[in-house]
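Student: One structure, as structure tokens, below. Some questions next.
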Amino acid sequence: MEHLADREAVLIVDETGFLKKGIRSAGVQRQCSGTAGRTENCQIGVFLAYATGRGRTLIDRRLYLPTSWTEDRERCRRAGIDDTVAFETKVAMAKAMVRRAIADKIPFSWVTADAAYGYSKGWRFELEQADVFHVMATTRHDTVVTRWSIDHPVHDLFPGLPRQKWKRRSCGEGAHGRRIFDWARVEVRPWHREDRRHWVIARRSVSRPEEISYYIAYCPADTTLDELIRIAGSRWAVEECFQSAKQECGLDDYQVRRYPGWHRHMTLAMAVHACLTVLRARQLDADKAETDPPTSPTSASPKSNA
């Protein structure tokens with residue numbers, strides 16, 4: 001925070017898998033791994049990333065323990081998992097990490113996550129009650145409150161929308177260039193604070209219009225669609241963190257099997273990644289300073305002239 005703190009920062013929740021053999025590593029079992037793109041024998045870590053204009057890095061982490069582990073306390077003890085560690089859903093872990101960031105007074109303005117986390121109405125409501133602005137991905141089966149229904153499917157909000165309501169925008173740079181989609185938003189939750197708004201946002205593929213993704217946003221009343229698109233697109237920053245932390249900092253290069261060892265290894269790898277992020281930010285600052293035009297004598301203050 002000393003080097004990267006930014007009140008406009010975005011907190012991003014996501015998970016990543018660590019492929020493992022055997023059955024002794026804490027939390028390991030056959031489970032869906034987004035990293036592998038299929039069900040594999042692996043551990044799943046839930047992480048919190050901090051993204052600003054100067055850099056992005058991982059700031060918190062928790063190892064997910066399936067019920068096959070928490071219901072077998074002897075197995076847990078052998079893996080260094082204390083009896084007080086109970087089962088938690090991944091969403092509960094995400095909530096705890098964001099609460100911790102708030103308690104630690106980490107400066108930020110937004111929270112975002114993919115649909116695995118954003119689909120949780122309970123978490124969205126908790127963030128709203130704390131007045132934490134967010135843009136959360138969700139599924140087409142999610143429902144919202146509108147003037148017509150208290151359970152209005154989000155995918156029903158957009159078919160009749162006028163063409164001029166759709167805006168073609170980039171949500172950031174991807175591996176293959178700018179990520180360009182057609183975007184639209186519809187206001188929901190008609191009863192709210194005057195200075196706040198709730199939106200459902202649709203992101204439609206340019207080449208395949210039938211492919212539409214959805215987001216639910218809670219934000220200041222004057223927030224533009226472009227700003228909401230920027231926040232939605234910032235979620236990819238955590239994927240970049242995972243990639244660089246694994247390739248350059250050894251995030252997934254470990255042999256530890258016990259629960260404390262996993263967290264210690266992640267802490268060290270995250271510290272290295274944060275250090276590299278700060279060094280890169282300093283270098284960018286230095287490069288910018290070298291290319292800035294010199295201050296003209298007429299614009300300098302009397303004190304500097306002296």
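The values are calculated or read from the model by the stated rules, or taken from the named source; none is laboratory data. As the structure is a computational prediction, the values presented were derived from the model and not from experiment. Here the Cβ is made from the backbone with ideal geometry for all residues, glycine too, and neighbour counts use every protein chain on show. With ligands, DNA and RNA removed, areas are computed over all heavy atoms of the protein, side chains included. Shrake-Rupley method; radii C 1.70, N 1.55, O 1.52, S 1.80 Å.
Student: Tell me, how many Å apart are the Cα centres for the range 23-64 and for the range 120-197?
Tutor: 26
Student: State whether the range 66-123 is rounded, prolate or oblate according to the following rule on the C-alpha gyration tensor (a ≥ b ≥ c being the square roots of its eigenvalues): a/c under 1.5 gives rounded; otherwise a/b larger than b/c gives prolate, and the remaining case gives oblate.
Tutor: Here the range 66-123 falls in the oblate category.
Student: OK, next. For residue 144, what residues show an amide H to amide H distance below 5 Å, using hydrogens built from the backbone and excluding near sequence neighbours?
Tutor: 152, 154
Student: Report the net charge of residues surrounding residue 122, where surrounding means a beta-carbon distance below 15 angstrom and charges are Lys +1, Arg +1, Asp -1, Glu -1.
Tutor: Once all neighbours under 15 Å are counted, the net charge is +1.
Student: Looking at the P(r) of the range 1-124, how many percent of alpha-carbon pairs lie beyond 22 Å?
Tutor: Tail of P(r) above 22 Å: 42 percent of Cα pairs.
Student: On to the next question. If you roll a 1.4 angstrom probe over the protein chains with everything in place, what fraction of the accessible area of the chain belongs to carbon and sulfur, to the nearest %?
Tutor: 51
Student: Using θ = phi - 60° and the Karplus relation 6.51 cos²θ - 1.76 cosθ + 1.60, list the HN-Hα couplings for the range 50-64 in order, rounded to whole Hz, with x at every Gly or Pro.
Tutor: Karplus-based 3J(HN,Hα) across the range 50-64 equals 10, 10, 9, x, 9, x, 9, 7, 8, 10, 7, 7, 8, 8, 6 Hz.
Student: Loop-only check: which trypsin sites (Lys or Arg not before Pro) in the range 9-52 are DSSP coil with at most 12 other Cβ within 10 angstrom?
Tutor: Here the trypsin sites (Lys or Arg not before Pro) that fit, given the DSSP loop and packing criteria, are 21, 24.
Student: 5 Å is the cut-off here: which amide hydrogens, built 1.01 Å from N in the peptide plane, fall below it relative to residue 80, excluding neighbours closer than 5 in sequence?
Tutor: The list, which skips near neighbours in sequence, is 259.
Student: Can you list the DSSP H helices in the chain whose Cα atoms extend at least 24 Å along the helix axis and whose mean Kyte-Doolittle hydropathy is -1.0 or higher?
Tutor: Helices meeting the span and hydropathy rule in the chain are 259-291.
Student: Also, I was wondering about something else. Only one of the listed values, [x] 60, 52, 33; [y] 66, 39, 35; [z] 72, 65, 38, was derived from the coordinates as Cα extents along the principal axes in Å; which label is it?
Tutor: Answer by label: [z].
Student: For the chain, what does the helix formula give at 222 nm: sum of -39500 (n - 2.57) over DSSP H segments with n ≥ 4, over the residue count, nearest 500 deg cm²/dmol?
Tutor: Computed mean residue ellipticity for the chain: -9500 deg cm²/dmol.
Student: Also, I was wondering about something else. For the chain, set up a GNM with springs between Cα atoms under 10 Å and report which of 66, 220, 209 has the largest fluctuation.
Tutor: 209
Student: Can you run phi through the Karplus equation (6.51, -1.76, 1.60; θ = phi - 60°) for the range 131-136 and list ³J(HN,Hα) in whole Hz, with x for Gly and Pro?
Tutor: 6, 9, 5, 8, 10, 10
Student: While we're looking at this one, here's another question. List, in the order given, every pair from 90/246; 90/167; 20/95; 95/167; 95/165; 121/167 whose Cα-Cα distance in the structure shown is over 30 Å.
Tutor: Cα-Cα > 30 Å for 90/167; 95/167; 95/165; rest within.
Student: Near residue 233, within a Cβ-to-Cβ distance under 13 Å, what is the net charge of the other residues, with Lys and Arg +1 and Asp and Glu -1?
Tutor: Overall, the nearby charge balance is +1.
Student: Next question. Which is the longest part of the chain that has none of the GluC sites (Glu not before Pro) sitting in a DSSP loop with at most 12 other Cβ atoms within 10 Å?
Tutor: After excluding every exposed loop site, the longest remaining stretch is 72-193.
Student: Restricting to DSSP loop positions (anything but H, G, I, E, B) with no more than 11 other Cβ atoms inside 10 Å of their own Cβ, which trypsin sites (Lys or Arg not before Pro) remain in the range 190-222?
Tutor: 193
Student: If you average the sequence gap of Cα pairs under 8 Å that are 6 or more apart and divide by the length of the chain, what percent do you get for the contact order?
Tutor: Relative CO of the chain lands at 18 percent.
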